[in-house]
Every structure is written in C-alpha cells, then in structure tokens.
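Values in this text are rule-based calculations from the coordinates and carry no lab data. All figures in this text were calculated on a predicted structure; none of them were measured in a lab. Here Cβ is always computed from backbone atoms with ideal geometry, including for glycine, and neighbour counts include all displayed protein chains.
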Amino acid sequence: MMNRTYNREASQVETWTEVILVYNSALKEVGTKLEILNDEFQHIHRYNPIEHIKSRIKTSESIVKKLKRYGYESTIENMVKYVNDIAGIRIICSFTSDIYRIAEMISHQDDIEILSIKDYIEHPKESGYKSYHMLINVPIFLSDRLVHAKVELQIRTVAMDFWASLEHKIRYKFEGKAPLHIKEELIRCAGMVSDLDARMMALNEEIHSLPVDKEY
Ligand code: 0O2
C-alpha cells in the first residue's frame with residue numbers, strides 16, 4: 001500500500017474535491033474516536049466528559065484569506081501545507097479537568113500523531129481567550145492508499161466557548177479594531193469565566209466526595 005502523506009507531500013494532491021474528501025473523512029474518523037471515548041467514559045464513570053462536539057471544514061474564502069495573511073499564494077499545495085485548521089473539531093466540556101482528560105486520552109491513541117499543542121488555558125491569549133488546542137495528524141485508509149490529514153482540535157468548557165463566540169463576533173464586526181472599553185470588558189469577562197469554571201469544578205469535586213446517604 002502506498003503511503004501518501006497529505007501534509008508532507010502536498011504536491012501530490014490532485015484536486016480540491018479530493019482534498020476536501022480526505023479532510024471530511026478525517027473529521028469522521030476523529031468524531032467517531034471521540035464518541036467512543038465519551039461512551040466508554042460514561043460506562044465506567046457514569047458521566048460524559050464531552051457536552052457536545054462541533055466540526056466544520058473551513059470555507060474556501062477563509063482558507064484563501066488565511067493564506068494571504070501568511071503571505072502565500074492560493075494553491076492547493078500551500079493550503080494543505082500551511083493552513084492547519086481546514087478540518088476543525090470543537091469539543092465542549094463541562095469542567096476544565098475534562099479538557100485535560102480528553103486531551104490525554106487522544107494523545108494515547110497510537111494511530112494519532114500529535115503535531116503541536118497550544119495550551120491557552122495555562123497561558124491565555126492577550127485578548128483573554130482560553131482554550132486547549134491540539135493539532136493532530138490522522139491516517140485515512142482510501143481504496144488504494146493510505147493518506148494523512150491534519151485536524152485542529154479546540155477543547156474548551158461551555159463557559160470558555162460562550163466567551164470565545166462573543167469575542168469572535170466582536171472581532172469580526174470591528175475587524176480586530178474594537179473600541180478599547182469593549183476589549184477591556186471582554187478581558188474582565190474572561191476573568192469571570194475562569195472564576196466560574198474554577199468554582200463549578202470545585203463544587204463538582206465536592207459533590208462527588210460526599211456520601212449520598214448522609215443527611216446534611
Ligand atoms: P476562525 O475564524 O475561528 O477560523 P494557525 O491556525 O495555527 O495557523 P494561529 O493563529 O497561530 O494560526 O493558531 P491558534 O492561535 O491556535 O488559533 C487558531 C484558532 O483558534 C483561530 O482560528 C480561532 O478559531 C481560535 N482563536 C485563537 N485566538 C482566538 C481569540 O483570541 N479569540 C477567539 N474567539 N478565537 C481565537 P482563526 O483561523 O484565526 O479564526
């Protein structure tokens with residue numbers, strides 16, 4: 001079986017349709033892996049670490065925009081090589097501890113190669129953005145060959161996702177030049193999100209440590 005790696009031998013990628021087919025397959029592969037992990041976790045620990053999953057293929061317009069920002073020509077070769085989030089999966093968890101649990105479970109899977117990790121929870125962005133990003137390389141078995149595709153995983157809590165959605169909307173509306181008081185308020189809200197996440201996690205841990213048959 002011929003081993004063709006999309007990220008490394010991008011020149012062999014023939015058509016846009018074929019590329020999108022591969023990235024779509026990568027989303028399906030990783031989606032199934034995540035569902036299995038969630039089901040098994042539910043079976044053993046009686047709860048789901050994943051609240052919900054959103055996946056998407058980046059639009060051609062956004063791909064072209066990103067390539068332009070990076071200073072590359074809009075070619076299929078460049079897009080496969082330089083745009084890391086053509087296939088993206090957002091995993092929304094209840095608690096911060098679930099994020100690291102999921103990340104660890106994924107990194108233990110032999111067929112997945114971890115290309116990079118960005119922990120914006122430990123090191124939030126200047127904007128206040130918090131999320132855990134993993135760039136992974138996934139094998140796809142086609143009818144006559146094996147190919148690989150990059151998938152960007154963004155793992156975050158419900159509260160982090162709520163914040164990121166509004167901040168994204170604001171950034172988009174003002175094209176990155178939002179009024180200072182809005183930026184400052186967003187940073188304050190990011191602090192509240194962190195506080196809420198920490199308190200909810202502590203509450204959850206306390207609930208789990210208390211016996212159920214005792215009167216309080
Ligand atoms: P969009 O419109 O969401 O697709 P890379 O993707 O690795 O080449 P970068 O910027 O170094 O480029 O990667 P990073 O920091 O991991 O960010 C990737 C994605 O995370 C972004 O994709 C956003 O979806 C999200 N993100 C990063 N920073 C912020 C932030 O400050 N606020 C919000 N709301 N989201 C953020 P895109 O393509 O930049 O944008």
- Query: So which of Ile91, Ile50, Ile57, Ile76 is in contact (Cβ under 8 Å) with a residue 60 or more places away in the chain and within 16 Å of the chain's Cα centre (by Cα)?
  - Reply: Ile91
- Task: Give the residues of the range 193-204 that are free of Cβ contacts under 8 Å to residues at least 40 places away in the same chain and surrounded by 12 or more Cβ atoms within 10 Å (Cβ to Cβ), sorted by residue number.
- Result: Leu196
- Task: Could you grab the pairs with beta carbons closer than 8 Å, sequence gap of 6+ or different chains, first residue in the range 162-189 and acidic (Asp, Glu), second one within 13 Å of the ligand (Cβ to nearest atom) and in a helix (DSSP H, G or I)?
- Result: Glu167/Leu186
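For Glu175, are the conditions met, namely being at negative phi and not aromatic (Phe, Trp, Tyr)? Walk me through it before giving the result.
Numbers: at negative phi: no; not aromatic (Phe, Trp, Tyr): yes.
When the stated conditions are applied, Glu175 does not pass them.
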- Note on the structure: Scanning the range 45-86 residue by residue, the ones that are in a helix (DSSP H, G or I) and under 30 Å from Arg101 (Cβ atoms) total 1
- Message: Restricting to the range 158-169, name every residue that is within 9 Å of the ligand (Cβ to nearest atom) and either outside any helix (DSSP H, G or I) or crowded, with 17+ Cβ neighbours inside 10 Å (or both).
- Response: Trp163, Ala164, Glu167
- Extreme residue, nearest to Ala159 (Cα to Cα), among residues of the range 58-98 that are of a type in the set (A, V, I, L, M) and more than 11 Å from the ligand (Cβ to nearest atom): Ile92
